[in-house]
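Enquirer: Below you'll find the structure I mean.
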Amino acid sequence: MRCPICGSENITSQAVTETHTKAKTKGFGWFKACFGFLLFNIPGVLCGLCGMGKERRTTTTKTRVLHICQNCGNQW
Ligand SMILES: [Zn+2]
């Protein structure tokens, strides 16, 4: 592995966790409630009911590897 900027091989790799939050506004869906029930039992149904007509947030967590050049400080 080489730095694309300076060509140094003195690279540190690091796992970075990125969290993305998406806001969705949706009506109550029975399918979703049933799905929630299957997944989480009662709390899933409650979530479905509470989320009726309200903004719902979906959080996605991604892990990617960040490379840091020890020579010039470039990150990619
Ligand atoms: Zn570099």
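The values are calculated or read from the model by the stated rules, or taken from the named source; none is laboratory data. Predicted model only: the values in this text are computed from it and were never measured. Here the Cβ is made from the backbone with ideal geometry for all residues, glycine too, and neighbour counts use every protein chain on show.
Enquirer: What is the one condition in (1) modelled with pLDDT of 90 or more; (2) surrounded by 10 or more Cβ atoms within 10 Å (Cβ to Cβ); (3) hydrophobic (A, V, I, L, M, F, W, C) that PHE40 does not satisfy?
Expert: Here PHE40 meets the rest and fails (1).
Enquirer: Right, here's the next one. Cβ-Cβ below 8 Å, separation at least six or inter-chain, first residue in region 1-20 and touching a residue at least 12 places away in the same chain (Cβ under 8 Å), second of a type in the set (Gly, Ala, Ser): which pairs?
Expert: Final answer for the pair search is MET1/SER13.
Enquirer: Go through (1) among the charged types (D, E, K, R); (2) modelled with pLDDT of 75 or more; (3) away from the ligand (no atom under 16 Å from the Cβ) for LYS26 and report which single condition fails.
Expert: (2)
Enquirer: When both residues are 6+ apart or on different chains and their Cβ atoms are under 8 Å apart, which pairs have a first residue that lies in region 63-76 and is assigned to a loop (DSSP other than H, G, I, E, B), and a second that is more than 10 Å from the ligand (Cβ to nearest atom) and not β-branched (Val, Ile, Thr)?
Expert: Short answer, once both residue conditions are applied: TRP76/LEU66.
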